[in-house]
Amino acid sequence: MILQVFCIPFICCYSQLFLSSSNTLCLQLANAYTELNNPIVQYKLFMDQAKDGASGDDEAMCMDKSFITALEHGLPPTGGFGLGVDRLTMFLTNKNNIKEVLLFPAMKPTDEQMQLIAANAPARDSK
């Protein structure tokens, strides 16, 4: 088991949990993180992104004044944790491929199924 923790002081922390056994590859099982809840720092970061957006950055976020207001009113420390149940199942059942443990795998319809669907589809109005 490996736990990696990355921290930027006064900004956020991010950690990842990896598991490994003799027959499986190293699996990332979980992510955990904290959120920035300092309104002054968050405001500055929003302003920096707004400048980036003005200079053509398509991925820059715009100012979120309601979020800044919530932070100013004392939004408690927030964070999150994500556990990959499918990956835990892989580890517990000693499987190397995630497709072996998915209950409902994504399946593309075959050509025969698509023809059957098209043949039984309701007629469209031609108005």
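The values are calculated or read from the model by the stated rules, or taken from the named source; none is laboratory data. Predicted, not measured: the structure shown is a model, and the values here were computed from it. Every residue, glycine as well, gets a Cβ built from its backbone with ideal geometry; the counts of neighbours run over all protein chains shown.
What do you reckon, is Leu102 modelled with pLDDT of 85 or more, of a type in the set (A, V, I, L, M) and surrounded by 10 or more Cβ atoms within 10 Å (Cβ to Cβ)? No. Scanning region 71-94 for residues that are touching a residue at least 60 places away in the same chain (Cβ under 8 Å) and exposed (fewer than 12 other Cβ atoms within 10 Å of the Cβ) returns a single hit, Asn94.
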